[in-house]
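The values are calculated or read from the model by the stated rules, or taken from the named source; none is laboratory data. Because the structure is a prediction, the values reported are computed rather than measured. Here the Cβ positions follow ideal geometry from the backbone for every residue, glycine too, while neighbour counts run over all protein chains shown. Quick note on the areas: whole protein, heavy atoms, side chains included, nothing else; ligands and nucleic acids left out. Shrake-Rupley method; radii C 1.70, N 1.55, O 1.52, S 1.80 Å.
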Amino acid sequence: MAYQDIYAGWKSDPEGFWMAAAERIDWDRAPSRAFFDQGPAGEWFADALVNTCWNAVDRHVEAGRGDQLAIIHDSPITRSYRGITYLELRDRVASLAGALRAKGVQKGDRVIIYMPMVPEALEAMLACARLGAIHSVVFGGFAAHELAVRIDDATPKAIIAASCGLEPGRVVHYKPLLDRAIEQAAHKPDFCVILQREQEVASLTEGRDVAWHSFQYGVEPAECVPVEGNHPAYILYTSGTTGQPKGVVRHTAGHLVALNWSMKNIYDIEAGEVFWAASDVGWVVGHSYICYAPLIAGATTIVFEGKPVGTPDAGTFWRVIQNHKVKSFFTAPTAIRAVKREDPEGKLIGDYNLRSLKTLYLAGERADPDTIQWAEDHLGVPVIDHWWQTETGWAIAANPVGIELLPVRKGSPTRAMPGYDVQVLDEAGHPVPPGTLGAIAIRLPLPPGTLPTLWNAEERFRKSYLAHFPGYYETGDAGYVDEDGYLYIMARTDDVINVAGHRLSTGAMEEVLASHPAVAECAVIGVADSLKGQMPLGFLCLKKGVETSPEQVVGEVVRMVRDQIGPVAAFKSACVVERLPKTRSGKILRATMAKIADGEEYRMPATIDDPAILDEIAAALAGLARG
Ligand code: COA
Ligand code: AMP
């Protein structure tokens with residue numbers, strides 16, 4: 001069947017479509033139906049009983065795949081390589097789950113995971129799933145304060161962390177970050193499990209910390225605990241407009257069904273094949289496509305501890321693809337731009353045999369046509385842009401290669417996937433004609449696998465996503481659709497920016513800047529960057545009578561953002577200005593400032609308080625550019 005027929009088939013019978021997809025999952029109690037009109041936006045397969053770990057691990061052992069590699073850890077940073085079979089993975093996860101259970105972790109308890117790109121991060125996630133505990137993975141590039149905020153929101157019974165992470169040329173000391181976060185947080189976990197890595201042995205806090213290996217000695221391995229279809233599998237925090245991140249909740253059954261469907265139909269991967277998503281377990285791509293989806297499908301997944309460049313060179317991606325016979329490879333456009341910058345002619349590609357590679361997938365930010373062209377020219381395979389969000393957990397729009405390869409239109413992540421009725425709306429919520437820019441919204445209900453609510457914040461969920469356009473989920477992205485149904489995602493409609501494929505909140509950075517004693521007012525915008533897509537830039541108005549020099553304040557706020565949000569914010573520059581441009585009602589004109597910074601044409605906002613301030617902003621930016 002062609003894409004068009006499958007999409008139409010879903011639209012005419014969504015129940016039938018998802019119940020058929022659900023047949024690929026091992027249920028402890030099969031769902032009586034797919035959609036349940038309950039909760040703020042509906043739920044999927046709510047009356048089923050099922051276990052994620054069983055579907056991702058044990059069932060493949062039962063089916064005779066015990067000797068197949070489930071996980072390959074490839075770490076150019078430590079120059080090491082390790083494979084874990086499905087049988088080994090089952091035993092390791094059952095043992096870890098047994099040890100967690102022995103220390104009191106049960107179904108519904110939260111467990112925070114703060115780990116680098118090691119297989120144990122996946123094992124920790126799967127061990128939680130085995131028990132029905134709800135994990136929340138926190139990205140290693142976040143600082144102690146961000147971890148503390150998540151500890152207070154998720155109130156975990158336990159935290160599983162590693163002694164360190166490894167960035168090129170730098171050891172990231174996780175343990176002091178963890179200790180500081182627990183000190184800052186009002187909630188205290190019962191215990192912490194620490195994976196001691198060779199590169200750094202952390203000192204354990206007596207009475208609270210246990211070592212990954214020793215706490216598993218002599219415990220009974222745990223069996224899979226069946227949970228309700230609408231039991232939360234995990235919480236993943238993502239940036240919103242304020243410093244308080246949004247805890248995206250993922251329900252168990254819909255997650256299983258949707259991810260399993262996506263592996264074959266979007267990524268063209270079947271059991272036994274090798275799939276690689278070069279992201280991090282701390283992001284949604286890591287949850288869905290490093291950990292869960294490839295394993296649910298019985299494929300081999302790669303856990304890559306390295307960077308596209310510098311570990312050791314821009315050929316590292318191609319080496320991994322060659323050595324592990326990767327069929328489908330998924331990364332962010334920024335990673336390809338980094339490779340292209342180091343190896344513009346793609347010479348290193350020629351050093352490797354990439355015959356196994358059939359498709360390159362890009363997501364996380366807009367894939368610019370130049371990057372797609374470069375990858376197509378040098379790799380000789382289709383380059384597929386696809387669009388999704390932490391909230392949806394899997395692609396809203398994609399080119400469904402496993403169904404049929406639709407003609408690629410550069411700049412477009414192609415067409416809506418079954419389950420998603422995507423509409424472009426004007427401010428009043430009316431669909432606009434093809435080619436017209438508008439807010440992108442999805443008609444409710446969202447498909448299985450997407451967020452049913454926010455953790456501890458149902459009202460915020462309604463307000464953030466459902467209130468603006470009744471009957472729709474508001475994506476926060478703006479764009480248009482062409483005559484043939486191809487989508488084009490152009491910009492965010494909120495203050496979220498995208499730095500090297502990482503989603504960051506300018507609001508969170510402004511909160512840090514505003515806490516500096518010399519700062520009276522501030523704004524952070526995202527400015528275009530040829531490598532990272534966007535980079536944050538701060539504007540500071542200092543309090544009257546402040547004696548600290550502007551340079552010193554700038555240096556201090558840069559350090560503060562790194563200390564409080566983390567290095568991943570990549571907040572490196574700010575300038576001091578007299579005033580900020582505002583509307584008469586006091587709203588800071590961030591979008592106009594961003595246009596000035598990017599050298600784009602802008603229209604003078606009709607509501608601006610004092611147009612002369614824009615010239616001052618332009619002058620400050622010119623000063624910054626001169627260094
Ligand atoms: N733990 C601790 N620190 C981390 C980290 C982690 N897991 N990941 C990144 N950081 C740090 C980096 O060391 C860097 O610190 P520095 O300021 O001391 O140099 C900072 O956060 C910014 O990191 P990053 O955004 O990775 O930038 P970079 O300049 O080191 O590398 C790229 C640039 C393009 C190579 C890199 O951003 C990249 O590989 N991007 C792909 C992104 C991706 O896969 N996104 C997932 C969405 S699909
Ligand atoms: P995240 O939740 O971190 O996955 O970030 C989601 C946001 O990243 C989306 O709302 C978009 O703004 C942006 N994004 C992700 N993929 C794409 C894409 N293929 N094209 C354009 N923007 C994208």
- line: Rounded to the nearest 10 Å², the 1.4 Å probe accessible area of Arg82 is 90
- line: In nanometres, the difference between 0.36 nm per residue of separation and the alpha-carbon distance of Gln373 and Ala211 is 53.5 nm
field: Computed FRET value (nearest 0.05) for Arg170 with Glu458, which takes r as the C-beta separation and R₀ as 41 Å
entry: 0.50
field: Cut-off 20 Å (backbone N to label point 7 Å along Cα→Cβ of Glu427), residues of segment 586-621
entry: 586-595, 602-611
query: Given charges of +1 on the Cβ of Lys and Arg and -1 on the Cβ of Asp and Glu, with all other atoms neutral, how large is the dipole of the chain about its Cα centre, in debye to the nearest 20?
result: 620
- prompt: Taking R0 as 45 Å, what's the FRET efficiency between Asp152 and Glu198 from their Cβ-Cβ distance, rounded to 0.05?
  reply: 0.85
- line: Of the accessible area of segment 164-294, computed with a 1.4 Å probe and all protein chains kept, carbon and sulfur make up a percent value of 50
field: Pairwise centroid distance, computed over Cα atoms, of segment 386-415 with segment 585-606, Å
entry: 31
message: To check my understanding: the extent here is largest minus smallest coordinate of the Cα atoms along each principal axis. What are those three numbers for segment 239-353, in Å, largest first?
response: 45, 41, 21
task: Report the semi-axes of the equivalent ellipsoid for segment 503-627 in whole Å, largest first, where each axis is √(5λ) for an eigenvalue λ of the Cα gyration tensor.
output: 21, 18, 14
- prompt: Roughly speaking, to the nearest percent, how much of segment 488-627's 1.4 Å accessible area is carbon and sulfur?
  reply: 51
- request: Take the alpha carbon atoms of segment 62-104, find their center, do the same for segment 451-467, and report the distance between the two centers in whole angstrom.
  value: 35
Within segment 575-627, GluC sites (Glu not before Pro) in DSSP loop having at most 16 other beta-carbon neighbours inside 10 Å: Glu578, Glu600, Glu601
task: First select every other residue whose beta carbon is under 15 angstrom from the beta carbon of His73; then total the charges, Lys and Arg +1, Asp and Glu -1.
output: -2
statement: Per the rule of 0.36 nm per residue minus the C-alpha distance, extending Ala186 to Glu578 adds in nm 137.3 nm
field: Spin-label pair Met490/Lys11, simplified geometry with 7 Å Cα→Cβ offset, distance in nm
entry: 2.4
task: Kindly report, to the nearest 10 Å², the accessible surface of Arg33 as traced by a 1.4 Å probe over protein heavy atoms only.
output: 100
- request: Kindly rank 452-461, 395-404 from highest to lowest mean number of other beta carbons found within 10 Å of each residue.
  value: 395-404, 452-461
- request: Report, ordered by chain and residue number, the aspartates and glutamates lying within cross-link reach of Lys264, taken as a straight Cα distance under 19 Å and ignoring same-chain residues fewer than 8 apart.
  value: Asp5, Glu23, Asp26, Glu273, Asp385, Glu404
message: How large is the Rg to Rh ratio of the chain when both quantities use alpha carbon positions and Rh follows Kirkwood?
response: 0.95
task: Give the distance, in whole Å, between the Cα centre of segment 265-329 and the Cα centre of segment 8-47.
output: 29
query: Within straight cross-link reach of Lys582, meaning Cα distance under 14 Å, which aspartates and glutamates are found once same-chain residues fewer than 8 apart are removed?
result: Glu521, Asp609, Asp610, Asp615, Glu616
task: May I ask you to order 136-149, 405-418 by the average number of other C-beta atoms within 10 Å around their residues, highest value first?
output: 136-149, 405-418
field: Per residue accessible area of segment 378-520, 1.4 Å probe, in Å²
entry: 35
message: Multiplying the sequence separation of Asp67 and Ser80 by 0.36 nm and subtracting their Cα-Cα distance, what value in nm do you get?
response: 2.6 nm
query: For segment 149-161, what does the Karplus curve 6.51 cos²θ - 1.76 cosθ + 1.60, with θ = phi - 60°, yield as ³J(HN,Hα) per residue in whole Hz, taken in order and with x for Gly and Pro?
result: 4, 6, 4, 5, 7, 8, 6, x, 6, 9, 10, 10, 9
task: May I ask which of Lys340/Lys572; Lys103/Lys175; Lys175/Lys327; Lys307/Lys463; Lys463/Lys572; Lys327/Lys572 have a Cα-Cα span longer than 28 Å here?
output: Lys175/Lys327; Lys307/Lys463; Lys463/Lys572; Lys327/Lys572
- prompt: Using r as the Cβ-Cβ distance of Lys347 and Asp615, and R0 as 45 Å, what FRET efficiency do you calculate, to the nearest 0.05?
  reply: 0.45
